[in-house]
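Worksheet for the structure shown next.
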Ligand code: GDP
């Protein structure tokens, strides 16, 4: 099939590149998209910019008009027919534009607020772009917020910036340098685009204002020149179908439809299509290929234009039967040799592969959190983040959180892993019944539409649980220690015994039961450490090398220093199996390497299995 695809490529014809916009909330993604769409309208020309399903079609004539304001733009050769700019900004649409783990987004605009620098979701976006190896340019937005900026509406920023006062230019330079340092810290060289001599190794930064429009021509110029320069091979038009499901939507009068982005080949009415479904592959026939009506103002409800066939690259709504359980973020396939059962079987397997790949993320031990997302793409992104933060996943699902998801999650409580009795729900609704059941079964549900918010919630919860456990275990835990009694510093020989000791090994902690080895080889219980004083100040623990005064409360009232034991043998923490388990489960980080070695030694001394 790869060979067929290659032979079907048309070298002298390129398709429109797909452009996505990503970045932290409130950086101006929506505003930039608006500004791009309205570009020519403001210039008094319609410009042929049209709305498609999920995308805006930006013809090269319109780009030319804008970029002609730039010296470099005038020399730009135009081989691509248009830019296809995805309308919904953010991770969701970016992650859904995927096919077999690689991105169908050809180039991304990462929006950074010049006043704020790189923010948490910027980092998330960068990680996604890295994962999918998607080239991107940076819109360094809100330059108009620089103090004293004089607006030059819709002017190339390369001209607008030198026209500013010196202190404005200085502040710009300072913030530009800060941004470059921040990008370097996450592994990217970057340079303001007019100084960028190597676009392959350096990310281009474009200062923009989505309010007054400075930099918008520059942004369009870069999108066109970079896609043509870097990816003419990738953009070569091919008759081989490449199509991805962006959204599954119920439309009045049409039933469940799918919104797709066609990046390769041609779709026709009557085509037999195969898509990934929650309960297995769906095979159906295209009833109608729809795009929005061009005259938006006259739009009557449900009015779409029907097409007999549509060529890439385009955003299209497909109406067909049986699409209710289709999974967004997966590829759409069509039959090529007439749809024999044999071919259909192959396509069914192929289309479900995405799902199969995702299932490998589930931890084989069966212990971990339950994750749920709206689409395969977002689920994939979420799983990648969980993996990088070493949070195990025991189960996953796509779509709203139902009761059965809660039941599955609750098994973690039986397995004594309460912290994992947690559903991380990314951008999906939780059914009322599911919420009630979760309450009843003590299952936690965290919902968010920003990945890092889910992490914040989950990590805070983990810390909280750990704290509670430590508190509960605090009476039973035994820290390993060996102390030498200083005989001339025994201030009280009988209960409570008060004496000076040197901590020879480990950590001496309040509450620790201490024992001493008798000449017979038996262990004598001395009592529990009630308090510790270091340089006359009470402390909870004393480290190896410290000399402290301790008070030990003895169970045996008649026990006496000098009679039943003396300073010839050290005081040792009385270890037990249970104490070791508690140490491991809740106090792992409190002990150093040497302390753990001492635990092993004590295990041997007390003959613990
Ligand atoms: P999004 O969350 O990234 O889509 O951000 P929006 O496009 O919704 O913008 C967030 C806020 O920032 C809105 O109040 C915008 O008006 C404002 N904003 C966006 N771009 C600019 C800009 O270039 N300059 C200024 N001053 N404000 C902007």
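Output the residue which, of all residues in the range 573-609 that are in contact with a helix residue (DSSP H, G or I) (Cβ under 6 Å, 6 or more places away or on another chain) and within 24 Å of residue 468 (Cα to Cα), is surrounded by the most Cβ atoms within 10 Å (Cβ to Cβ).
Initially, the range 573-609 is screened for residues in contact with a helix residue (DSSP H, G or I) (Cβ under 6 Å, 6 or more places away or on another chain), giving 575, 582, 586, 608.
If we keep only those that are within 24 Å of residue 468 (Cα to Cα) too, we end up with 575, 582, 586.
Working: 575: 23, 582: 20, 586: 20.
So, considering only residues that are in contact with a helix residue (DSSP H, G or I) (Cβ under 6 Å, 6 or more places away or on another chain) and within 24 Å of residue 468 (Cα to Cα), the one surrounded by the most Cβ atoms within 10 Å (Cβ to Cβ) is 575.
Quick one: is residue 516 crowded, with 18+ Cβ neighbours inside 10 Å and free of Cβ contacts under 8 Å to residues at least 40 places away in the same chain?
So residue 516 fails the test.
Out of curiosity, is residue 602 under 40 Å from the mean Cα position of the chain (by Cα) and in contact (Cβ under 8 Å) with a residue 24 or more places away in the chain?
Numbers: under 40 Å from the mean Cα position of the chain (by Cα): no; in contact (Cβ under 8 Å) with a residue 24 or more places away in the chain: yes.
Here the answer is no, as residue 602 does not meet what is asked.
In the range 532-554, which residue that is surrounded by 16 or more Cβ atoms within 10 Å (Cβ to Cβ) and farther than 17 Å from residue 482 by Cα is farthest from the chain's Cα centre (by Cα)?
554
Just need a number here: residues in the range 93-120 that are surrounded by fewer than 24 Cβ atoms within 10 Å (Cβ to Cβ) and either free of Cβ contacts under 8 Å to residues at least 24 places away in the same chain or touching a helix residue (DSSP H, G or I) at 6+ places or on another chain (Cβ under 6 Å) (or both).
6
Scanning for something more than 25 Å from residue 603 (Cα to Cα) and modelled with pLDDT of 95 or more, does the range 500-516 turn up at least one residue?
yes
Quick one: is residue 263 within 20 Å of residue 79 (Cβ to Cβ) and not in a helix (DSSP H, G or I)? Working first, answer last.
Values: within 20 Å of residue 79 (Cβ to Cβ): yes; not in a helix (DSSP H, G or I): yes.
Criteria met by residue 263.
Is it true that residue 217 is touching a helix residue (DSSP H, G or I) at 6+ places or on another chain (Cβ under 8 Å) and assigned to a helix (DSSP H, G or I)?
yes
Go through the range 555-564 and report how many residues are crowded, with 19+ Cβ neighbours inside 10 Å and part of a strand (DSSP E or B). Break it down stepwise before answering.
Of the range 555-564, the ones crowded, with 19+ Cβ neighbours inside 10 Å are 559, 561.
Those left that are additionally part of a strand (DSSP E or B): 561.
Summing the residues that are crowded, with 19+ Cβ neighbours inside 10 Å and part of a strand (DSSP E or B) in the range 555-564 gives 1.
Filter the range 34-51 down to residues that are surrounded by fewer than 21 Cβ atoms within 10 Å (Cβ to Cβ) and modelled with pLDDT of 75 or more and give me whichever is farthest from residue 93 (Cα to Cα).
So, considering only residues that are surrounded by fewer than 21 Cβ atoms within 10 Å (Cβ to Cβ) and modelled with pLDDT of 75 or more, the one farthest from residue 93 (Cα to Cα) is 38.
Can you confirm whether residue 9 is surrounded by fewer than 22 Cβ atoms within 10 Å (Cβ to Cβ), modelled with pLDDT under 85 and within 16 Å of the ligand (Cβ to nearest atom)? Don't jump to the end; show me each part of the working.
Numbers: surrounded by fewer than 22 Cβ atoms within 10 Å (Cβ to Cβ): yes; modelled with pLDDT under 85: yes; within 16 Å of the ligand (Cβ to nearest atom): no.
Spelling it out, it is not the case that residue 9 is surrounded by fewer than 22 Cβ atoms within 10 Å (Cβ to Cβ), modelled with pLDDT under 85 and within 16 Å of the ligand (Cβ to nearest atom).
State whether one or more residues within the range 20-32 are away from the ligand (no atom under 16 Å from the Cβ), over 21 Å from residue 103 (Cα atoms) and either outside any loop (DSSP other than H, G, I, E, B) or at pLDDT 85 or above (or both).
Scanning the range 20-32 turns up no residue that is away from the ligand (no atom under 16 Å from the Cβ), over 21 Å from residue 103 (Cα atoms) and either outside any loop (DSSP other than H, G, I, E, B) or at pLDDT 85 or above (or both).
Specify the residue that is modelled with the lowest pLDDT; the eligible residues are those in the range 432-448 that are touching a strand residue (DSSP E or B) at 6+ places or on another chain (Cβ under 7 Å) and outside any helix (DSSP H, G or I).
Going through the qualifying residues, I end up with 448.
Does residue 457 satisfy the condition of being in contact with a strand residue (DSSP E or B) (Cβ under 6 Å, 6 or more places away or on another chain), free of Cβ contacts under 8 Å to residues at least 12 places away in the same chain and either more than 27 Å from residue 119 (Cα to Cα) or buried (at least 16 other Cβ atoms within 10 Å of the Cβ) (or both)?
In short, yes.
Is it true that residue 502 is exposed (fewer than 15 other Cβ atoms within 10 Å of the Cβ) and either outside any helix (DSSP H, G or I) or under 55 Å from the mean Cα position of the chain (by Cα) (or both)?
No: the conditions fail for residue 502.
For residue 72, are the conditions met, namely being closer than 23 Å to residue 304 by Cβ, modelled with pLDDT under 85, more than 15 Å from the ligand (Cβ to nearest atom) and surrounded by fewer than 22 Cβ atoms within 10 Å (Cβ to Cβ)?
Answer is no for this residue.
Would you tally the residues in the range 50-70 being touching a residue at least 60 places away in the same chain (Cβ under 8 Å) and out of contact with any helix residue (DSSP H, G or I) (no Cβ under 8 Å at 6 or more places or on another chain)?
Matching residues across the range 50-70 total 5.
The values are calculated or read from the model by the stated rules, or taken from the named source; none is laboratory data. Note that this is a predicted model, so its numbers are computed, not measured. Note: ideal-geometry Cβ built from the backbone for every residue, glycine included; neighbour counts use all protein chains shown.
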